[in-house]
Amino acid sequence: MVRSNSVLHACYHDMPKAAIAGRMPAVSPEEIDAAIAANVRALRARRRERQEDLATDLGWVRQSVSALEAGTRRVTVADAVALCKALEVDLHELLHGLDADDLRALGFGRGM
């Protein structure tokens, strides 16, 4: 079966640019937020802290910690730094669970 040029163009046009270039699409912000949310919940639980305790350490309100842990609050770089300090972990631990290629793109695994 031969496809018309317009059908081929439509298929090509709908592909992500990274896939066209032969690369995998980048990790989504939602995937990063979800990984951080799960790690913050686990780290806080390991420390036997309440959301209120972490919020106080961060200078946030409890609802902000709750939203972050629920994955409904976007995590900024400044948030990540503050979370690492408050939870006494490095960024690699905060990002645990992300794909190894994504971690390498951030410089992890390069003899840091």
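Identification of helices (runs of 4 or more DSSP H) wholly contained in region 29-112 with 1 or more residues that are of a type outside the set (S, T, N, Q), under 15 Å from the mean Cα position of the chain (by Cα) and on the phi < 0 side of the Ramachandran plot yields 29-46, 62-70, 77-87, 91-94, 100-105. Selection of first residues in region 38-52 that are within 14 Å of ALA67 (Cα to Cα) and of second residues that are acidic (Asp, Glu) and part of a helix (DSSP H, G or I), restricted to Cβ pairs under 6 Å at least 6 apart or on distinct chains, gives the following pairs, ordered by first then second residue: VAL40/GLU69; ARG41/GLU69.
Quick check on region 55-104: of everything there that is small (Gly, Ala, Ser) and free of Cβ contacts under 8 Å to residues at least 24 places away in the same chain, which residue is surrounded by the most Cβ atoms within 10 Å (Cβ to Cβ)? In this case the residue turns out to be ALA55.
Every read-out reported here was derived from the displayed coordinates using simple, explicitly stated rules and does not represent laboratory data. Here the structure is a predicted model, which means the values were calculated and not measured. When we count neighbours, we look across all protein chains shown, and the Cβ atoms used for this are built from the backbone with ideal geometry, even at glycine.
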